[in-house]
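First the structure, in the form of C-alpha cells, and then the observations on it.
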Amino acid sequence: MKERTILHSDVNNFFASVESSTRPELKDKPVAVTGNPKKRTGIILAKNEIAKKYGVKTGQAIWEAKNLCPDLVCLPPHYDLYEQISERLHNLYLSYTNFVEPLGLDECWLDVTDSLKYLGKSGKEIANEIRDKVKAELGITVSVGVSFSKIFAKLGSDMKKPDATTEIPLSKFKDMTYPLPLNSIVGIGHRLEKKFTKMNVQTIGDFVKLSDEFLQNFMGKTGVELKGKLTNTFEENVLDYYSLPPPKSIGNGTTTIQDIIKREDIKKTIFFLAEKVSARMIKHKVLAGTLSVTLKTNKLQRLAKASKIHPTQSINDLANEAMNIVDKLYKYNVPIRAIRLRASSLTSSNAKQLSIFESEKDVSKPLVEINKKYGKIFLASDSASFLNTAKHSQEED
C-alpha cells in the first residue's frame with residue numbers, strides 16, 4: 001500500500017469568521033451568528049474566537065450568551081455568502097490537486113501525494129502555505145491536519161486550533177492518537193459514546209482492541225470499517241473534485257414566526273421551502289424521486305411521511321407533491337411550528353431546458369436565477385399565476 005500524504009483543512013469558526021472578515025468594524029469584537037429570537041430560533045449557531053474566550057458556546061440561548069458576554073454582536077446567517085467563500089476555498093485547494101473532497105462548506109480533504117514532487121515541498125509545507133494563502137486572500141484562518149489517511153488528517157486538524165498545522169505521521173500515529181477520547185473521531189456520536197463508556201471503552205486505543213465480530217454485531221459494517229481506518233488496514237481514497245457523486249438527499253426546514261394551522265399558511269411555507277430545495281437541486285443537477293415532509297407541532301409532536309414522486313426538480317412539482325403529503329398526514333387541528341422538506345432518491349439531470357411557457361415545471365430555473373441576480377423579487381408561490389398571466393398575454397399578442 002503506497003503511503004499517501006493527505007491534508008484536512010478546516011476553517012476556524014466558519015460562519016462567524018466570514019462575518020468578521022467581511023465587516024472590518026467587527027475585527028476585534030466578540031461575534032456570534034444566531035437564529036432570530038422573534039422567530040423562536042434564538043440560539044448561537046457559530047461564534048468567533050473572541051466570543052469563545054467569554055464562554056459562548058454553539059447551541060446556547062442568546063440570552064445565556066449575552067450574560068457571559070454583554071458586548072456580543074449577534075448577526076443573522078448569510079448562507080449565500082458562506083457558499084461563495086466555500087467555493088473560493090475549493091478553488092484555492094484545486095491549485096494544488098484535483099483530489100479535493102468537501103465535507104460540508106468549511107472542511108475539505110486534499111490528497112497531495114502526487115503534488116509533492118513537482119511542488120518540491122512536504123505535506124506540512126503545503127499545509128502551511130495553504131494557511132497563509134487563506135489568511136491573506138480571504139481574511140479567515142484554517143487549521144490543517146497532515147497525515148497518511150483521511151481519518152488521521154481530520155483528527156490532526158481538530159487537535160490544535162485555531163490557525164495551526166498538526167502532522168500525524170505513520171510512524172507515530174498510535175502514540176499520538178490512541179490515548180485520545182473515543183469521541184475525537186468521526187463516526188462516534190454522543191449516543192455511541194455513552195454505550196461504549198458503559199463498557200469501559202473510552203479511548204481510541206480501547207476501541208481498536210475490540211474484535212471485528214463484536215463490532216459487526218454492535219455497529220455493523222461501519223464499526224469494522226472504522227477499526228480498519230484506525231489501524232491502517234482499510235484504505236479510504238480522497239475523491240476527485242470533478243467526479244464527486246451527487247448528494248444523497250437535499251433538504252430545507254424552517255421554524256415559523258408564529259404557530260400556523262390554516263392550509264393556506266402551510267402552503268406558503270411549503271412553497272418557500274420548495275424554492276430552496278429546488279435551487280440546490282438545480283445547482284447539483286439532480287432530480288428527486290422521493291419527497292419527505294416533516295411537521296412539528298407546538299407540542300413538539302413530530303409528524304413525518306415520505307412519498308415516491310415522478311423525478312423532478314421543479315418548485316411547483318415539489319410544493320404540490322408536498323401539499324398532497326401534508327393533506328394525508330395532517331388533520332389541520334393542531335398548530336404547527338416547524339416544517340421540513342427533504343428530496344431523496346436523487347438522479348442526475350441532463351434534460352434540456354424548455355421555454356418557461358411550455359410547462360409549469362420550467363419556471364424553477366428562471367425563478368432561481370432572477371432571485372439570485374436581483375434579490376427576492378418574485379415568490380415561488382406566485383409562479384402558477386405568473387405563468388397563467390404570461391401565457392394569456394402571449395395569446396393576446
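Calculated translational diffusion coefficient of the chain (4 °C, 1.567 mPa s; Stokes-Einstein with Kirkwood radius over alpha-carbon pairs) equals 54 µm²/s. The E213 and S344 beta-carbon pair, evaluated with R₀ = 30 Å, returns a calculated FRET efficiency of approximately 0.35. Rounded to the nearest 20, the size of the Cβ-charge dipole of the range 178-244 about its Cα centre is 400 debye, with Lys and Arg at +1 and Asp and Glu at -1.
Size of the range 178-244: Rg and Dmax of its alpha carbons, in Å, are 13.1, 44.
Given +1 at the Cβ of Lys and Arg, -1 at the Cβ of Asp and Glu and no other charges, the dipole of the range 23-100 around its Cα centre is 320 debye to the nearest 20. In this structure, K172 and L303 have a Cβ-Cβ separation that, at R0 = 56 Å, corresponds to a calculated FRET efficiency of about 0.60.
The range 177-243 and the range 82-98 have Cα centres lying 30 Å from one another.
For the chain, the relative contact order is 13 percent, taking Cα pairs closer than 8 Å that sit 6 or more residues apart in sequence and dividing their mean separation by the residue count. Subtracting the Cα-Cα distance of M199 and L180 from 0.36 nm times their residue separation leaves 5.2 nm of extension gain.
Given their separation in residues at 0.36 nm each and the Cα-Cα distance between them, S243 and R191 gain 15.3 nm when the chain is fully extended. A cut-off of 5 Å between modelled amide H atoms, ignoring neighbours fewer than 5 places along the same chain, links T5 with V112, T113. Only residues of the range 85-101 count here: report those whose backbone N is under 20 Å from the spot 7 Å along Cα→Cβ of D158, or say none. Residues 101 qualify, since their backbone N sits under 20 Å from the label point. Among V326, V11, V100, the largest mean-square fluctuation in a Gaussian network model of the chain (Cα springs under 10 Å) belongs to V326.
Between 0 and 90 degrees, the angle of helix 123-138 with respect to the longest Cα principal axis of the chain falls at about 40 degrees. Karplus-based coupling profile of the range 145-151, in residue order and whole Hz: x, 10, 7, 9, 8, 5, 5, with θ = phi - 60° in 6.51 cos²θ - 1.76 cosθ + 1.60 and x standing for Gly or Pro.
Around the Cα centre of the chain, unit charges on the Cβ atoms of Lys, Arg, Asp and Glu (plus for the first two, minus for the last two) sum to a dipole of about 1400 debye.
For the chain, the residue among I44, S345, T233 whose Cα projects farthest onto the positive side of the dipole built from Cβ charges is I44.
Helical content of the chain, expressed as a calculated mean residue ellipticity at 222 nm, amounts to -12500 deg cm²/dmol (DSSP H runs of 4 or more residues, -39,500 (n - 2.57) each, divided by residue number, nearest 500). Classified by the C-alpha gyration tensor, the range 1-103 has a prolate form. Its axis ratio a/c, with a ≥ b ≥ c, is 1.5 or above, and a/b is larger than b/c. In sequence order, the range 328-339 has phi-based couplings of 7, 8, 10, 9, 6, 10, 10, x, 9, 10, 8, 9 Hz under the Karplus curve 6.51 cos²θ - 1.76 cosθ + 1.60, θ = phi - 60°, and Gly or Pro positions carry x.
FYI, it's all coordinate maths here, none of it is from the lab. Being a predicted model, the structure only gives us computed values, none of them experimental. Because the Cβ atoms are built from the backbone with ideal geometry, glycine has one as well, and the counts that use them run over all protein chains shown.
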